[in-house]
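The values are calculated or read from the model by the stated rules, or taken from the named source; none is laboratory data. Just so it is clear, the structure is predicted and the values come from calculations on it, not from any experiment. Note that each Cβ is placed from the backbone with ideal geometry, even for glycine, and that neighbours are counted across all protein chains shown.
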């Protein structure tokens, strides 16, 4: 059994979720809000140290037709940075329809809920073996 952390990367906030390979259930964990990249990665390092995940999952935003856009490139870079900095496998998961599932209400941040949906999608789509 291993822990898996999911990220919903955004320029202002990064949603974080956690789950494990035994139960295969994701749950929202936190939202990282930091002004600088150094502060964001310090918060990520703290989470990785605390949870000791075997891998991380990063949502990959795409246009409805599957085409990439600016945030796709940024999310790929974010996943590569996590893998490079911390030596943890980073898996990209298509997040095209996760935002449609969440009904954001005015003033509410749903980033950690989105991260949980992304992580749950990973668990649902990948064979447990």
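Taken together, the residues in segment 41-53 that are under 14 Å from the mean Cα position of the chain (by Cα) and either more than 19 Å from residue 90 (Cβ to Cβ) or not in a helix (DSSP H, G or I) (or both) amount to 1. Within segment 63-80, the set of residues being farther than 15 Å from residue 10 by Cβ and under 15 Å from the mean Cα position of the chain (by Cα) comprises 80 only. Just one of the numbered conditions (1) outside any helix (DSSP H, G or I); (2) in contact with a strand residue (DSSP E or B) (Cβ under 7 Å, 6 or more places away or on another chain); (3) at pLDDT below 95 is not true of residue 112: (1). Against the test of being modelled with pLDDT of 90 or more and either within 28 Å of residue 46 (Cα to Cα) or not in a helix (DSSP H, G or I) (or both), the options 96, 106, 77 yield a single qualifying residue, 77.
Scanning segment 17-28 for any residue that is in a strand (DSSP E or B), without any contact (Cβ under 8 Å) to a residue 40 or more places away in the chain and surrounded by 12 or more Cβ atoms within 10 Å (Cβ to Cβ) turns up at least one such residue. All of 65, 38 fail the test of being part of a helix (DSSP H, G or I) and surrounded by fewer than 12 Cβ atoms within 10 Å (Cβ to Cβ), apart from 38.
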